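Below is one structure, written out as structure tokens; comments come after it.
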Amino acid sequence: MPILHWLTRDKDLRAAGRAPYRLLEEVGRYGDGCAHNMLIQGDNLHALKALLPYYAGKVKCIYIDPPYNTRSAFEHYDDNLEHTQWLSMMCPRLELLREFLSENGSIWISIDDTERDYLKVICDEIFGRSSFLTSISWQKRYSRENRESIGDSHEYVLVYVSDKEKFKISRNLLPLTDKQKKNYKNPDKDSRGPWQSVSLLAQGYRPNQMYEIVGPNGKIHTPPPGNCWKVIESEYRKAYEDNRITFGNDGTGVPRRKQFLSETKGIVPWTWWPHEEVGHTDEAKKEINTLFGADDAFDTPKPERLIQRILHIATNPGDLVLDSFLGSGTTAAVAHKMGRRYIGIEMGEHAETHCVPRLQKVIEGELGGISEAVSWQGGGGFRFYKLGESIFDEDGAIREQTPFAQLAAHVWFCETGEPLPGRADSPFLGVHGGTAYYLLYNGILGDKKPQGGNVLTRRVLESLPPWDGPKVLYGERTMLSPQRMKELNMVFKQTPYDIKGR
């Protein structure tokens, strides 16, 4: 498979692994205090690394709208990056984002012509070329500007999925528009209501789908060359007897199947998304201006209807959505209104000046954007975090203020590659693949000496939940002999030296 080379490629491919695991410090709660929606201010590379032990493999939909490298002047972003710098920024972040996707998850990336082809190549390499689903064209403008050589009327959304079949099973169809519903009529007053006729033909040749169909006027119909009927003859007979076959109003046409509006679940999304259906840049600007005023608006927002369509296709209520280039907060606002859980990451000061107040307005029942379409009345909540220090200091030692739960999640993820299940409130972290994992740290055993139970002694061993199988235990040191450890079928790993991922 072709790969993309740039000046700092080898270094950039190692950047995600070199990024430190940092603590997330909660600095505010808004609305429902129990809500688990997250807004994080800080470098998204470090924020993603901090989230990985908790959410790897759990995100149903990722949407990102990264800087486009257009050499334009933006108030809130430095979008004037050299090509190599842009690739250096995107590559490690995409590598981390891949780890968050669930088995039926998808990632949607907005981009324009400047870097679209380069982005496609590095995404093919990171996610796998077979994971590429499609490239959507979004009509972002509806008016022409004659000063341009060729008018720039659209942008792209690249879509990659973890598994195409699983995504197809779980994705949602689009509801019919009023214009599409008008195609359904009921000329024969069928009790099942309005219908439209659809073709009975399929491309290809299948011997058991090459039968003759006799029309009401006695005319014999056979599939034209290169085609066959969509169903076998017995299925056709059932449909005919159930009045689901039509030969036109006068009975002289070719056979077609009646598709009833009442039985139509929706339509398969296309790759062309016109502005009438999902909004345009002017609409997005008006939404932002209404929220923040024209003098304090964000420069490159996306319309809420565009994000609504993406989340409608890719998710269901309760699913987790992630946006690591949150910008003015559109993805989080739309996810909130649609009943999805979300994590939004934004490094600039507008995490506080735009994202927090926007989500507060959503909680209060803000009526703009898609609110009316989804009958939004307000409610819910989110927690606001900032990036703290790394778990390890410059010398590789664990920082004293690191909570047990943070280190436990990190240890579990390093050992299993999966988020820690349940709450980290015991030295017994859980069992994975038949092996039990334990962590002695930060006085989790209270007054059990020495050093608050961080050293494996006979007394500490007796207090641990038993497991009749292989065991891995992290601690400062062990007082048990190698022979005793072998009898226990236990591997001891010393903190912090044996903790991976620093």
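The values are calculated or read from the model by the stated rules, or taken from the named source; none is laboratory data. The model shown is predicted, which means the values in this text are computed figures rather than measured ones. All Cβ positions, glycine included, derive from the backbone under ideal geometry; neighbour counts span all protein chains shown. Calculation scope for accessible area: heavy atoms of the full protein, side chains included, ligands and nucleic acids excluded. Shrake-Rupley method; radii C 1.70, N 1.55, O 1.52, S 1.80 Å.
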Limited to region 84-123, what total is found for residues that are over 17 Å from the mean Cα position of the chain (by Cα) and open to solvent by 10 Å² or more (accessible area, probe 1.4 Å)? 12
Which is assigned to a helix (DSSP H, G or I), open to solvent by 50 Å² or more (accessible area, probe 1.4 Å) and either within 19 Å of Tyr184 (Cβ to Cβ) or without any contact (Cβ under 8 Å) to a residue 60 or more places away in the chain (or both), of Asn249, Asn289? Asn289
Of the numbered conditions (1) touching a residue at least 12 places away in the same chain (Cβ under 8 Å); (2) open to solvent by 10 Å² or more (accessible area, probe 1.4 Å); (3) out of contact with any helix residue (DSSP H, G or I) (no Cβ under 8 Å at 6 or more places or on another chain), Lys164 satisfies every one except a single condition; which is it? (3)
Among the numbered conditions (1) open to solvent by less than 50 Å² (accessible area, probe 1.4 Å); (2) β-branched (Val, Ile, Thr); (3) touching a strand residue (DSSP E or B) at 6+ places or on another chain (Cβ under 9 Å), tell me where Val268 comes up short. (1)
For Val157, are the conditions met, namely being surrounded by fewer than 20 Cβ atoms within 10 Å (Cβ to Cβ), out of contact with any His (no Cβ under 9 Å at 6 or more places or on another chain) and not in a loop (DSSP other than H, G, I, E, B)? no
Between residues in region 397-421 that are more than 23 Å from Ser102 (Cα to Cα) and at pLDDT 85 or above and residues that are aromatic (Phe, Trp, Tyr) and in a loop (DSSP other than H, G, I, E, B), which pairs lie under 8 Å by C-beta distance while being six or more apart or on different chains? Phe404/Tyr441; Leu407/Tyr441
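Name the strands (runs of 3 or more DSSP E) wholly within region 301-402 that hold at least 1 residues that are among the β-branched types (Val, Ile, Thr)?
It comes to 320-323, 341-346.
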In region 206-244, residue surrounded by the most Cβ atoms within 10 Å (Cβ to Cβ) [restricted to those that are part of a strand (DSSP E or B) and free of Cβ contacts under 8 Å to residues at least 40 places away in the same chain]: Trp229
Out of (1) open to solvent by less than 10 Å² (accessible area, probe 1.4 Å); (2) in contact with an Asp or Glu (Cβ under 7 Å, 6 or more places away or on another chain); (3) under 30 Å from Thr435 (Cα atoms), what's the single condition that is false for Arg399? (1)
Out of all the residues in region 484-498, is one or more modelled with pLDDT of 90 or more and of a type in the set (Ser, Thr, Tyr)? no
Condition first: of a type outside the set (Lys, Arg), more than 16 Å from the chain's Cα centre (by Cα), modelled with pLDDT of 95 or more and crowded, with 18+ Cβ neighbours inside 10 Å. Can you find one or more residues in region 315-333 that meet it? no
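The rows are residues; the columns are (1) out of contact with any strand residue (DSSP E or B) (no Cβ under 9 Å at 6 or more places or on another chain); (2) modelled with pLDDT under 95.
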residue: Ser106; (1), (2): no, no
residue: Glu115; (1), (2): yes, yes
residue: Asp152; (1), (2): yes, yes
residue: Val159; (1), (2): no, no
residue: Asn172; (1), (2): yes, no
residue: Lys182; (1), (2): yes, yes
Since Leu133 meets every condition but one in (1) in a strand (DSSP E or B); (2) open to solvent by less than 50 Å² (accessible area, probe 1.4 Å), which condition does it not meet? (2)
